[in-house]
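The values are calculated or read from the model by the stated rules, or taken from the named source; none is laboratory data. All values derive from a computational prediction rather than experimental measurement. Note that we place each Cβ from the backbone using ideal geometry, even for glycine, and neighbour counts take in every protein chain shown. These accessible areas exclude ligands, DNA and RNA; they are computed on the full protein's heavy atoms, side chains included. Shrake-Rupley method; radii C 1.70, N 1.55, O 1.52, S 1.80 Å.
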Amino acid sequence: MARRKLTASLLALGSLLGAAAVWRRRSARGKEHVDVYFADGSMVTFAEGSEEAARLIPIARRVLSQARG
Amino acid sequence: MDAAQALADLVEISAQIEAAVLASADGTVLASTLADDERAQSVARDALELVQGAASPAGEPVQLEASVPEGSVFVVRDEERLVAAVTGRDPTVGLVLYDLKTCLRLAGEDARPAKKTASRPRKKKEAPEAADGAA
């Protein structure tokens, strides 16, 4: 009986963690960011709220607007 | 392959790319999928501004993706030119970057066709001898 309860609890915990991971990934997708790749293979992400993103995102919006007419 | 053909191939191959502009390193439009030249020039200028604005002490980036809820902007550049493209939301980033790099490479081949053709025949002549030796 105790073993069954433990298995059920572990399953519930696993499902909860999985759902949280999916939710986090989906919410992160919609956020504004700029991924910058350099010749040496390094990459930097300027996340929403950063000074660089605040400077670059309006330019990207302008490009989208111009390209779509 | 000329710039216009490279860009036409890019848009045909990549279903995610809505529009693209190929420009020289100084932002002069070489080819565009946009009907309006003024808008193409504006996109090229802004793409250049994005690359320059993202520069760090390590130098200017070779590629970037700016993502907003309305869609994404990609810019890939080499020494001589850059290509900018816009996609919808949540594109397959690696695939789009690969297609843009291919487009740049193809557009670059037009500028240096002699080097590529000169090196290929030599390799083909050696192949039958190697096959005979193995058999």
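Rounded to the nearest 10 degrees, the inclination of helix A:2-29 to the longest alpha-carbon principal axis of chain A is 10 degrees. Quick one: angle between helix A:51-68 and the longest Cα principal axis of chain A, in degrees between 0 and 90, rounded to 10, please. Tilt relative to chain A: about 70 degrees.
Cβ-Cβ distance of residue A:21 and residue B:2, R₀ of 35 Å, FRET efficiency by 1/(1 + (r/R0)^6): the value works out to about 0.15. If you take the beta carbon distance between residue B:105 and residue A:3 as r and set R0 to 41 Å, what does 1/(1 + (r/R0)^6) give as a FRET efficiency, to the nearest 0.05? With a Förster radius of 41 Å, E is 0.10. Straightening the chain between residue B:58 and residue B:90 buys 8.7 nm, computed as 0.36 nm per residue apart minus the Cα-Cα spacing. Taking every alpha-carbon pair in chain A and binning the separations at 10 Å intervals from zero gives 16, 25, 24, 15, 12, 7, 1 percent. Between B and A, buried accessible area from a 1.4 angstrom probe totals roughly 2600 Å², ignoring ligands, DNA and RNA.
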